[in-house]
Amino acid sequence: MENRTVKQIGLVLEGGGMRGLFTAGVIDVMMEQGIDFEALVGVSAGACFGCNYKSKQPGRVLRYNLAYCKDPRYCSLRSLWKTGNLFGTEFCYYELPDRLDLFDVKTFEENPMDFHMVCTDVETGKPVYHLCKSTRATNEMEWMRASSSLPLVSRMVEIDGMKLMDGGIADSIPIRFSEKMGYQKNVVVLTQPEGYVKKPASMMGLIRWQFRKYPAFIDAMMRRHEMYNDTIDYIRKQEAAGQVFVIRPQQALPVGRIEHNPEKLEQAYQMGRDAAIEALPALQKFMID
């Protein structure tokens with residue numbers, strides 16, 4: 001039998017665009033309670049918002065989303081038309097963290113927690129897991145952008161000879177990756193309620209046309225719902241075995257991938273806080289058992 005070092009508890013954050021405000025509410029409560037993890041694996045919004053756990057900045061995700069959700073530089077059809085990206089690259093990944101709502105790079109670098117982001121390799125259709133040690137390093141913000149680059153509304157991001165897009169296509173909830181890294185117990189934050197079943201991707205005709213040169217990526221898109229639903233079943237089994245602690249919304253969130261209404265964003269965030277506060281006694285027991 002292979003020997004494997006048993007590490008501490010990992011944190012796995014699903015994506016989901018602006019549904020990630022629920023996740024932000026959850027992780028803010030955990031930060032406020034001083035709950036630390038040895039590793040975090042984030043997908044798409046789970047990476048973009050989850051990086052604030054490593055930089056120890058509760059409240060930041062809600063703050064900048066409320067401030068800029070209606071700003072066309074942040075997310076707009078105008079940005080999509082002009083740049084090919086619904087979420088403005090320069091504004092979201094550079095101007096916002098560097099000038100408008102400062103990201104604490106020093107704390108991020110000094111925090112020993114490993115921070116992994118998940119992308120999808122367009123040429124292979126397989127997930128790519130990237131360990132980010134400093135957002136100031138070359139291409140690190142591009143890795144984060146790639147993890148959140150949705151098909152049809154984003155351009156592919158080229159890094160180290162790879163063409164990358166949204167990590168949720170190949171691995172929406174990277175629980176198995178976290179376990180493979182040695183984190184045999186994990187806290188998983190989902191952005192869909194219990195009983196949610198993902199359906200086949202819509203607009204597959206457009207996706208087949210746009211990615212006609214990348215058959216493996218098309219296949220990954222076609223199988224995405226099957227992989228997602230299989231992972232949810234696996235998480236249920238691990239939860240029953242006491243290896244996973246799940247925090248999820250009790251009902252469908254009032255936001256989707258895109259949302260410009262600050263009241264709905266704040267509502268989703270508060271639902272995350274409420275869910276985390278309710279789960280806190282059981283979560284703390286899970287962390288120490």
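The values are calculated or read from the model by the stated rules, or taken from the named source; none is laboratory data. Predicted model only: the values in this text are computed from it and were never measured. Note: ideal-geometry Cβ built from the backbone for every residue, glycine included; neighbour counts use all protein chains shown. The area values use the complete protein model at the heavy-atom level, side chains included, leaving out ligands, DNA and RNA. Shrake-Rupley method; radii C 1.70, N 1.55, O 1.52, S 1.80 Å.
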Q) Along the charge dipole of the chain, Cβ charges K/R +1 and D/E -1, which of Ala241, Pro151, Cys132 sits furthest on the positive end? A) Pro151
Q) When ligands, DNA and RNA are left out and all protein chains stay put, how many square angstrom of accessible area per residue does region 45-144 have with a 1.4 Å probe? A) 46
Q. What is the Cα centroid distance between region 17-38 and region 141-216, reported in whole angstrom?
A. 21
Q. Which of the listed residues, Met181, Ala268, Tyr228, is farthest toward the dipole's positive end in region 142-289, when Lys, Arg count +1 and Asp, Glu count -1 at the beta-carbon?
A. Tyr228
Q) Excluding Thr135 itself, what net charge comes from residues whose Cβ is under 12 Å from its Cβ, given Lys and Arg +1 and Asp and Glu -1? A) 0
Q.
Assuming 0.36 nm per residue, please report the length gained on full extension of the stretch Asn229 to Lys133 beyond their Cα-Cα distance.
A. 31.4 nm
Q) Which is farthest toward the positive dipole end of region 1-105 among Phe37, Gln57, Gly17, measuring Cα position about the Cα centre, with Cβ charges +1 (Lys, Arg) and -1 (Asp, Glu)? A) Gly17
Q. Which helices, taking whole DSSP H runs in the chain, have alpha carbons extending 20 angstrom or more along the helix axis plus mean Kyte-Doolittle at least -0.5?
A. 262-288
Q: Report, in debye and to the nearest 20, how large the dipole of region 149-249 comes out about its Cα centre when Lys and Arg carry +1 and Asp and Glu carry -1 on their Cβ.
A: 240
Q. So for region 196-275, what percent of the C-alpha to C-alpha distances run longer than 22 Å?
A. 50
**Q.** Whole-percent carbon and sulfur share, accessible surface of the chain, 1.4 Å
**A.** 52
Q | Longest to shortest principal axis, alpha-carbon extents of the chain, angstrom | A | 52, 44, 38
Q: Please provide three numbers in whole Å: the alpha-carbon extents of region 25-76 along the principal axes, with the largest listed first.
A: 37, 21, 15
Q: Rounding to the nearest 20 debye, state how big the charge dipole of the chain is about its Cα centre with +1 on each Lys and Arg Cβ and -1 on each Asp and Glu Cβ.
A: 720
Q.
So if I place +1 on the C-beta of Lys and Arg and -1 on the C-beta of Asp and Glu, and nothing else carries charge, what would the dipole magnitude of region 239-289 be about its Cα centre? I want it in debye, nearest 20.
A. 80
Q | log10 of Debye I(q)/I(0), alpha-carbon scatterers only, for region 151-221 at 0.15 Å⁻¹ | A | -0.70
Q. When N is the residue count of region 1-129, what does its C-alpha Rg come to as a fraction of 2.2 N^0.38 Å?
A. 1.16
